[in-house]
Structure formats: C-alpha cells, structure tokens
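Engineer: Questions regarding the structure given below will be posed in turn.
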Amino acid sequence: MVTDLKKVEHRTIQYWFEDGIWEMAFGGWSFLLGIFTFGFALIPGKPFLRALGWVGLLAVIIICARFAGRAVRLLKEKWTYPRAGFVSYRRPGGQNRPRRFSWVGGLAGLASALVYGLLRDSFGYMWAQAGLSLLMALTFFYTAIRTKLTRFYVLSVFLLAAGILVTRSGLKALSGVGVFCCLLGLALCASGSITFRQFVRKNPVLEKEQS
Amino acid sequence: MSAEDYNLLSIDRLVHEPARLIIMTMLNVVDSADFLFLQRETGLTKGNLSAHLTKLEEAGYVAIEKTYKGKIPLTVCRLTEEGRKAYKHYRTQWHDLMSLKQGRRGSGSAGCVNKSKRENREFS
C-alpha cells in the first residue's frame, strides 16, 4: 500500500491522462487546425476571401474544441471507466489559484502577442512560429510538472525542437503555423495511441459487478 | 505529558488510519470517484474498502451514492465539506507535529533529524 500522500495525489491526477484519449483528441484537433491554417495561407490576398478564411478558422477552433471535449467524455465512458473506474475532477481553487492565474495569464499574453503578430505581420515571419512552439512547449512542460508523466516532458522538448525547425525552414507565418500544428497533432496522436494501446492491454474489462 | 503528546492525542483517528487516509487523499483531489477506481488505486479488497467507506460515511466525511449505469451498479463516492475540513485539519496537525518533532531533534544528533525529515516527507 502506498504511504506517500503526494504520490497518491499525483496518481489520482495522472489518471485523466493514463489512457491517452485526451492526447488523441487534442492531437486530432491540432491536425485539423493545421491543415485548415495551411489551406488558409494559400488563399489569394483578396480581402473578402481573407475575412471569410478568418471566420472559418475561428469556427473550426470553436466547433472542434467543443466536439473534442464531448468525444473525450464519450470515449472515456466507453473505454476507460469500465476498465479502471469513473472519476470526476473538480476545478482547482484556493491556494492554487494565484499560481494558476499567473500561468494562464502568461500563456494568454503569449497567445495574444502571437495573434497580434499574425494579424499585423509586424513580428516578421519567424516570430509567429517560434512564439506558438514556445507556448505549446511551455503548456506541455507545465502539464508534465503537474502530472509527473515523462511523456509530456518528451513532448515539450519535441515541440520546441519542431518549432525551431519550422522557424528556420523559412516558411511564411501562416504556412509555418499550419505545419507546426500538423506536427503537434501527429505527435500527440502517436503518443496518445501508444498510451491507449498500453492502457487497454493492461486493464481488461471487469466482467464482475461492482460492490 | 508533553505538548507533542497532546497534539498526537488530538489527531483524528478516523482519518489517521492508513487505508482511510489514502481514500480521503484521493477523494480530496477529485470531485467524485467510483468504487472500482478506489479499489484499483488502493489495492484493498472489496470488503475491506467497503468497510472503510462505511466508517467514513457514518462519520459524515464521505457521501456515497448508489446508482446504475445500464445494468451495472455504480457506487460513486465523494468527500463532503465536513470531510474536506477534517482532512485539511489532519494534514495541518500532522505537519505541525512533525515540525515540532524536527525542532526537538534538531538540538540532538543530525542522524535523528534526517530520519525525522524522511518521516515527514512520507506523510506530508
């Protein structure tokens, strides 16, 4: 029996990421977003088409994010909960709030700078891609610290490396962001599917009824 | 009897028992968890886990809801507000007690301090 309470807490938080479903959903969403962004970069510079493209991009982000959340819940109900049990997480508050706000504030600042740079193209081409990769690498690094899962450290290093490669490749801002999003999606899908396979093998469905 | 002994006596024994402490630690992190999850994570037998949960429910620390998911019974447990307070209080008390113990041992040999630090790390 485990006696280290910090370990118990970490294991309980890790449970959400144990099956890899979240990664696959987020990866799929990123990949779709990447393809859309890359396609958007190819649209000729007519104002109406550009505006339509931006609206479409926003719609893809919002709709896919909503569907991804629902898909994660459904897949977890079908695959995870019958195997390893049901858990519902509560929103962190209290002592963690200032730290969370500083992280979220920092990330929101970076995201805003990135969007501003993309709209005005004032950062030059390379900064949009570098900013996005840094933002994603930081997000995954934070997730790794929170969950103590090694694969998230690996993902954060991979994302930073991919960001540097895409930045140095000389692609234009939007094309570069599209390629980076596709790479992020593929990496997450690969990591998620490996984790999911291991999870399913390790946890067969229990036929017996619960107590 | 020393101040340290008084602190030890005032510790909530219902929470202090290792299996119940682990159950409460898990439930403190989440909103709710089912029986299967708790059993898998604690490594307790069904009967043992059920007995501990009943004790915590009787004390008002845990709320247990029995529902059905299709044809399979689902037992969902959550920590009540009283349970969260009791758990928080226990952790604070334990931390204080260990700090006091460390302080006392600090005046003694370094080996004792290291041992005490180890104990504190395991439980805090």
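The values are calculated or read from the model by the stated rules, or taken from the named source; none is laboratory data. Here the structure is a predicted model, which is why all the values come from computation and not from measurement. FYI the Cβ positions are ideal-geometry reconstructions off the backbone, even for glycines, and counts take in every protein chain you see. In case anyone asks, the SASA skips ligands and DNA or RNA and just uses the protein heavy atoms, side chains included. Shrake-Rupley method; radii C 1.70, N 1.55, O 1.52, S 1.80 Å.
Engineer: Express as a percent, rounded to the nearest 5, the fraction of DSSP beta bridges in the stretch B:9-119 (both residues included) that run antiparallel. Provide the component values of the computation, followed by the final result.
Structural biologist: Working: 10 of 10 bridges.
Here the antiparallel bridges make up roughly 100 percent for the stretch B:9-119.
Engineer: For A:7-16, what's the mean count of beta carbons from other chains sitting within 10 Å of each residue's beta carbon? Please list the in-between numbers first.
Structural biologist: Working: counts 3, 10, 4, 1, 4, 10, 2, 0, 7, 1.
Per residue, the number of nearby Cβ atoms from other chains is 4 on average.
Engineer: While we're looking at this one, here's another question. Accessible area lost on pairing A with B, both sides, 1.4 Å probe, Å² to nearest 100? Walk me through the intermediate numbers first.
Structural biologist: Numbers: alone 13770 and 8040 Å², together 18980 Å².
Separately minus together, A and B give about 2800 Å² buried.
Engineer: Could you state the per residue volume, in Å³, of the convex hull enclosing the Cα atoms of the stretch A:129-211? Present the calculation step by step, with values, prior to reporting the outcome.
Structural biologist: Working: hull volume 9.1 nm³, N = 83.
Cα-based convex hull of the stretch A:129-211, divided per residue, equals 110 Å³.
Engineer: Follow-up. Over the stretch B:9-119, with every protein chain in place, what whole percent of the accessible area is carbon and sulfur at 1.4 Å, could you tell me?
Structural biologist: Values: 3030 of 5640 Å².
The nonpolar share, carbon plus sulfur, comes to 54 percent.
Engineer: Given points 7 Å out from each Cα along the Cα-Cβ axis, report the residue A:157 to residue A:70 separation in nanometres with one decimal.
Structural biologist: 3.9 nm
Engineer: Hey, another quick one. Using the beta-carbon distance between residue B:40 and residue A:61 and R0 = 51 Å, what value does 1/(1 + (r/R0)^6) give for FRET efficiency, to the nearest 0.05? Please report the intermediate quantities before stating the final value.
Structural biologist: On the way: r = 36 Å, r/R0 = 0.71.
Once the sixth-power term is evaluated, E becomes 0.90.
Engineer: What's the Kirkwood radius of the stretch B:9-119 in Å, using all Cα pairs? Numbers along the way, then the final one.
Structural biologist: Values: mean 1/r = 0.0643 Å⁻¹.
This gives a value of 15.6 Å.
Engineer: Let me ask something else about it. Considering only the other residues whose Cβ falls under 13 Å of the Cβ of residue A:17, what net charge follows from Lys and Arg at +1 and Asp and Glu at -1? Please list the in-between numbers first.
Structural biologist: On the way: positive: A:11, A:76, A:146, A:148, A:151; negative: A:18, A:19, A:23.
Around residue A:17, the charge tally is +2.
Engineer: Less than 12 Å Cβ to Cβ from residue B:19, Lys/Arg counted +1 and Asp/Glu -1: what total charge do the surrounding residues give? Show your work: numbers first, answer last.
Structural biologist: On the way: positive: B:20, B:55; negative: B:17, B:41.
Spelling it out: positives minus negatives among the neighbours equals 0.
Engineer: On to the next question. Report, in listed order, any pair from A:6/A:78; B:55/B:101; A:78/A:202; A:7/B:66; B:66/B:88 with a Cα-Cα distance greater than 23 Å.
Structural biologist: Details: A:6/A:78 30 Å; B:55/B:101 30 Å; A:78/A:202 16 Å; A:7/B:66 29 Å; B:66/B:88 26 Å.
Check vs 23 Å cut-off fails for A:6/A:78; B:55/B:101; A:7/B:66; B:66/B:88.
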